[in-house]
Amino acid sequence: MQVRSFLSQHRTQCGVEASSKKRALEILSQLIAKDQPTLNADEIFINFTGRERLGSTGLGQGIAIPHCRTKNCAGIVGALITLNQPVDYDAIDGQPVDILFALVVPEEAHDAHLQTLATIAERLNRPEFLNALRGAEDQTALFSLAIAEDLGATA
């Protein structure tokens, strides 16, 4: 699965100001809805927070993959942000989070949802990749890093 199929440079931001987990999820919801006319930021936020109540999407090592399924979503949509300061996220290792890779998928896309989560988690599980993301100086560099492995990936 290629990340560029669901992530765009418009939904990639570097050094975002967020004072809390809630604020980070609000920012991601707005970022996704901004260029997806069929999606509503409030609905995405409600779905993200509903998913978080089931269990934190903070995977450890300072990363989180907030995700949800929603109606009016034609295909998988992703957003990637790095925070200028880590926030408490109730991650499994207790560490604060500074990299968030969010996903919104159509309600019926169960298999694609799981496959996409696995792709992102695999990439974010490598320390050298995380360090590169944390070192990105702007949105263009962050997006380029996020899709760099697509050249060798299979669809």
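Every number in this text was worked out from the coordinates using simple rules, so none of it is lab data. Since this is a predicted model, take the numbers as computed values, not measurements. For neighbour counting, all protein chains shown are included, and Cβ atoms are generated from backbone atoms with ideal geometry for every residue, glycine included.
A few notes on this one:
- Förster-model FRET efficiency, 30 Å R0, SER8 and ARG134, C-beta, rounded to 0.05: 0.90
- In straight-distance terms, cross-link reach from LYS71 covers every one of the aspartates and glutamates whose alpha-carbon lies under 17 Å from its own, apart from those fewer than eight places away in the same chain; here that gives ASP35, ASP42, GLU43, GLU107, GLU108, ASP111.
- Fully extended contour minus Cα-Cα distance, from ILE92 to ALA109, at 0.36 nm per residue: 3.5 nm
- Candidate aspartates and glutamates for bridging to LYS22, where Cα separation is under 12 Å - those fewer than 8 sequence places away on the same chain excluded: GLU52, ASP88, ASP90
- For HIS67, the residues whose modelled amide H falls within less than 5 Å of its own, excluding neighbours fewer than 5 places apart on the same chain, are LEU103.
- Whole-Hz couplings from phi, Karplus 6.51/-1.76/1.60, listed for the stretch 11-28; x for Gly and Pro: 10, 10, 9, 10, x, 6, 8, 9, 8, 7, 4, 4, 5, 4, 5, 5, 4, 4
- Ranked by how many other Cβ atoms sit within 10 Å of their own Cβ, fewest first, the residues ILE65, ILE81 fall in the order ILE65, ILE81.
- Helix-only CD estimate at 222 nm, as mean residue ellipticity for the chain, using -39500 (n - 2.57) per DSSP H run (n ≥ 4): -12500 deg cm²/dmol
- In the list (1) 43; (2) 61; (3) 72, the label attached to percent of Cα pairs over 20 Å apart as derived from the coordinates here is (1).
- Loop-resident sites, the stretch 49-138, for trypsin sites (Lys or Arg not before Pro), counting at most 16 other Cβ within 10 Å (DSSP): LYS71
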